[in-house]
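As structure tokens, the structure follows; a few thoughts come after it.
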Amino acid sequence: MACRRCRKVKQEKLDWLADYPLFTKRFAYYVGRRCRDSSIRDIAEELRLDWRTVKALEMQYMREQLRRVGAPGPRVVGMDEVSLRKGHTYRIVVSDLERKRPIWFGGQDRSEASLDLFFEQLGSKKSRGIRLAVMDMWKAFHNSTQKYAPQAAILFDKFHVMRHLNEALDKVRKNEYARLSGKDRRFIKGQKYTLLSRRENLSTEGRKALKILLKANKRLNTAYLLKESFSQLWEYQQEGWARKFFENWRASLKWQRLGPYEEFAEMIESHWGGIAAFIQLEDKVSLGFVEGLNNKIRVIQRRAYGLRDEEYLRLKVLTCMLPAI
């Protein structure tokens, strides 16, 4: 608009206009809501817009979601890393396990310095309010949490612990395959996921294959039974009984010649405090949220295949659990 006083052309800002000035905020929020369930390309074809325009409108919608929800002040946090693409390119995701939503996505890798960025952004006051931190048995996460939130109890996620045990079981399977020869190998080859799956999740054919495999190889039978019994550790209500169970489980490894299991037992021994923290908790927290969020992030990455905008991915991750506006 032309000013009559100064004779200059000025631009007036209107609250109802989107950041992309050819559209209103209401239209931008409509596009953002549609993009929660569909891909950018589908929405662009439906509305006859360029995909870059749809992406810009969706990003404004997601920023408004974050603005309305406010700054986080978590008491129970979950920490995990996600892979951006093939190779060792990682970013850290921190979640509020009480409110069940991600609150931070960033870093350059999964190092201690990258997680330090989260605590620095959170601030010292809110960092002191964290009472529990759930994480994988990763030294960098442990050190960073102890540095900025020393009052927080460290809890190692059950799913990550069982993943290490599954890896040990698979090493036993590979060792048995390399040791045997001829016809005996046919029972082991191609049975990785049959061994790693829970029995109740197997199909009828899978249960038959598991029965034949365990009957054919005594060492794999022992390793499988030990893996299945270890999950009872999280069912105890007192640390003393849980400790006794673990010592008995570890003693049962004697003379079994299960090297990967012995290494796993040593790892649990050195990280026992983080496992016992779950037993000592009065208010149990859901440990499955972190793994569920990882699956959701993979879906987001598949839907946004081809995009290399990390800021867009960050906004998608942080708003995936927020209500629509």
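Where a number appears in this text, it was derived from the coordinates with a stated rule and is not lab data. Just so we're clear, the structure is a prediction, and the values are computed from it rather than from any experiment. Glycine gets a Cβ as well: all are built from the backbone with ideal geometry, and neighbour counts include every protein chain shown.
Place a +1 charge on the Cβ of each Lys and Arg in the chain and a -1 charge on the Cβ of each Asp and Glu, then give the dipole magnitude about the Cα centre in debye, rounded to the nearest 20.
960 debye
What distance in nm separates the simple spin-label points at Asp50 and Asn201, each placed 7 Å from Cα in the Cβ direction?
4.5 nm
Which of Leu307, Asn248, Leu233 sits farthest toward the positive end of the charge dipole of the chain, with +1 on the Cβ of Lys and Arg and -1 on the Cβ of Asp and Glu?
Sorting the options by dipole projection puts first Leu307.
Calculate, in nm to one decimal, what Leu322 and Glu262 gain on full extension: separation in residues at 0.36 nm each, minus their alpha carbon distance.
17.3 nm
Let's test the formula: R0 of 22 Å, r as the Cβ-Cβ distance of Glu235 and Asn294. What FRET efficiency results, to the nearest 0.05?
0.35
Tell me the label only: which of (i) 28.1; (ii) 23.4; (iii) 16.6 is mean projected area of the Cα convex hull in nm² as calculated from this structure?
(ii)
Could you work out how far apart the two model spin labels at Leu17 and Lys125 are, taking each label as a point 7 Å from the Cα in the direction of the beta carbon, and quote it in nm?
Those two pseudo-labels are separated by 3.7 nm.
Compute the length gained on full extension between Phe159 and Ile212: take 0.36 nm times their separation in residues and subtract their Cα-Cα distance, giving the result in nm to one decimal.
16.3 nm
So for the chain, taking the charge dipole from beta-carbon charges (+1 Lys/Arg, -1 Asp/Glu), which of Cys3, Phe156, Leu97 sits furthest toward the positive end?
Cys3
Rounded if a/c is under 1.5, else prolate if a/b beats b/c, else oblate: with a ≥ b ≥ c from the C-alpha gyration tensor eigenvalues square-rooted, which is the range 1-70?
Oblate, since a/c reaches 1.5 and b/c is not below a/b.
Report the charge-dipole magnitude of the range 1-70 in Debye, nearest 20, computed about the Cα centre from +1 at each Lys and Arg Cβ and -1 at each Asp and Glu Cβ.
On the way: 18 positive and 10 negative charges, 127 e Å.
Its charge dipole is roughly 620 debye.
Kindly write out, for the range 234-249 in residue order, the coupling ³J(HN,Hα) from the Karplus curve 6.51 cos²θ - 1.76 cosθ + 1.60 (θ = phi - 60°), rounded to whole Hz, with x marking Gly and Pro.
Per residue, the Karplus-derived 3J(HN,Hα) values read 7, 8, 7, 9, 10, 5, x, 5, 5, 5, 5, 4, 5, 5, 5, 5 Hz.
Please compute the length gained on full extension between Glu310 and Trp272, using 0.36 nm multiplied by the number of residues separating them and subtracting their Cα-Cα distance.
10.0 nm
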